[in-house]
Structure formats: structure tokens, C-alpha cells
1. With the crude spin-label approximation of a point 7 Å out along Cα→Cβ, what separation in nm comes out for Arg293 versus Val239?
2. I want to check the label-to-label distance for Arg94 and Ser189. Put each point 7 Å from Cα in the C-beta direction and report it in nm to one decimal.
3. For Ser263 and Thr200, what does the FRET efficiency come to when R0 = 35 Å and r is the distance between their Cβ atoms, rounded to the nearest 0.05?
4. Taking the Cα centre as origin and putting +1 on Lys and Arg beta-carbons and -1 on Asp and Glu beta-carbons, what dipole magnitude results for the range 1-198, to the nearest 20 debye?
5. Which of the lysines could be linked to Lys9 by a straight reach, that is with a Cα gap under 23 Å, when you skip same-chain ones fewer than 8 residues away?
6. Which of Met118, Met295 comes first, and how do the rest follow, when ranked by fewest Cβ neighbours within 10 Å?
7. Out of all Cα-Cα pairs in the range 189-308, roughly what percent, to the nearest whole number, are more than 22 Å apart?
8. Restricting to the chain, compute how many DSSP beta bridges are antiparallel as a %, nearest 5.
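Read-outs throughout are calculated quantities, based only on the coordinates presented, and are distinct from any laboratory measurement. Everything numeric in this text was worked out from a predicted model, so none of it was measured. Cβ: placed from backbone, ideal geometry, glycine included. Neighbour counts: every protein chain shown.
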Amino acid sequence: MTHSDLITKLEKNIALAVFGKQALVRRCLVALFAAEHVLLEDVPGVGKTLIAQAIAKSIAGDFRRIQFTPDLLPADITGSSIYDTGSKTFHFVRGAIFANIVLADEINRTTPRTQSAMLEAMNERQVSVDGSTYPLPNPFMVIATENPMEFEGTYPLPESQLDRFLLRVSVGYPDRQNEINVLRTHQTSRPIDALLPVLTSEQIVEIQQAVSAIRVDDSINQYILDIADATRNHTDLLVGVSTRGAIALSRAAQSQALLEGRSFVVPDDVKSLAVPVLAHRIVTKSVLHSNLRQMEESIIERILETIPVPVG
């Protein structure tokens, strides 16, 4: 089967449990195929956890859910060394992060110290405990969720943590017809319970490798850097897009091009992904704005309107 066939097969399987969210699922698959992570934001009950479960169950790999709470410790995530009285030696017991797909549920409900335990795992695909380094499974993806409307008992994600997510996307409510379908199906069963894997972990890795082969013309690179430079010189921003952010946008565009069945990136790939890839990587001067996310996204959207799109 071609990569396009495998991707179509995966999308159809996820759609058996997730109704009316094709565009959102595609965003998550962009992150998965780019070997990166995604942050899902919205109010409770709109399907954030369901999407993560559907992606995980569609792949024949390990899935772990970590419920982030104020009393969660870094060792609960990474693991720890336990002393064996029989052999009189220490041995490493792996934490919940050792899985192919990790659902970090309500990630902003734990302390910054525990949040920081995710940084090495998300960036280096490994964890270091007591001077030893342990590689994580391949593929490895973190799908994190948070409710941006609730502030009591939460800890805002620091910029260094946000920067590890390729995309930040809002789930949103389904339209009326899809919501009717949700009600009908859940009256007799839960579609997610019957979902079976259709792709192997090895096939996901193959798709990820194919993403690296997608061609990015130098005019596209210049377009990405023009957008990044505009954020660095914007009067409403304290911090613009870093080089890591520009790399993230390029990688996301490669992944989307593969999803669309192309061997090359087009400007529309960059333009359509700029907001979910870059908005959470900038720091505004008005940090107390009533809707900070909307302000961040609006700034990126306005910048896109001013940057000439490469042609030819």
C-alpha cells in the first residue's frame, strides 16, 4: 500500500469513532506524521480525550493516559529507580511516559516542576533518571489537553513547554447533524470501544520518514522566515517566533503536503498552518488581555495578510 492509502485507511478508521472532526483529526495527524506533539484546547465534553483515544487505538502500539493533578510527581511520569532487596541492586521502573501515544490529560493542572519532566521526553525522545538515559518507544507522541477557560487550580504552561507542541488547536462543538449522530450511536454503545488498529507502529515510522523527503523550495523557506521576522519586529509582541518555531512550521508544512498526496510544499500549506503552529510561540505585551489566545491568533493572521505569498 502507498503512504496515501495508509493515511486514508487511518482517517476512515478514526472517523468511525470521531464524528464531524475531519479537519481537527487531520491537524493531529500532521503532528503525528511530523513526529511531533499536539495541544488540544477547549471546554470539557467536546471530544479532546476521544480524539486522542481514537488515534491511539487505530495504531497497534502502546497507549497511556496520564491524568495531571496537583499531586502528580515527576517520577510518576518518567519512572524511578527501585531498590531490590533480593539482589541488593537498583533497577529502573518505567513511568507512564513509556508509550507510543501518551494522553496528557489536563496538563495545566499539575505544577511547573512536574510539567518540566515532560520537556526532555518531548524534545529528545528519552528520559534521564539517576544519571542513566532511557530511550522512549518509536513512534512517540504526546497529545495534551487543557481547558483554557478555567483558571482555578491550574498552572499556565511556560513558554518552554508550549514550544514543544507543534500545534495548538481548538476542538470546538460539532455541527447539529454530527451531534445527532453522536447522540444516536451513544444510546446503544460507545464506538470507541469497538475501534481496532489498522496501522502498525512500523508503518507510522515509515510515513514519518516519508515526510522528511517532501521537497521544500527555497522560496517557501524565505516565506516562512518573512513571517517569523514580522513577529520579531511587531509592536504588540515582546517575543517573536524563534528559529525552532520556523523549523516547526516547515516540518508541519511537509507533513501536510504528504497528507494531501503531494511530494512538495506549497504556500497554502504554510499559510493554513501558521496560526496553529506559531500563535502559542509568541509573547504579547498585553498578557492580561481578556482573551489572550484570540489576540495571539489575530496577530499571526494580520501578519499573514501583509507578507507576499511566493508564486511560481
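1. For Arg293 paired with Val239, the spin-label model returns 1.9 nm.
2. 3.1 nm
3. Working: r = 24 Å, r/R0 = 0.68.
About 0.90, to the nearest 0.05.
4. On the way: 19 positive and 22 negative charges, 128 e Å.
Taking the Cα centre of the range 1-198 as origin, the dipole is about 620 debye.
5. Within the straight-line limit of under 23 Å, Lys9 reaches these lysines: Lys21, Lys48, Lys57.
6. Numbers: Met118 26, Met295 16.
If I rank by nearby Cβ atoms, fewest first, I get Met295, Met118.
7. Numbers: 3167 of 7140 pairs.
Looking at the range 189-308, the distances longer than 22 Å represent 44 percent of pairs.
8. Values: 12 of 32 bridges.
The antiparallel proportion sits near 40 percent.
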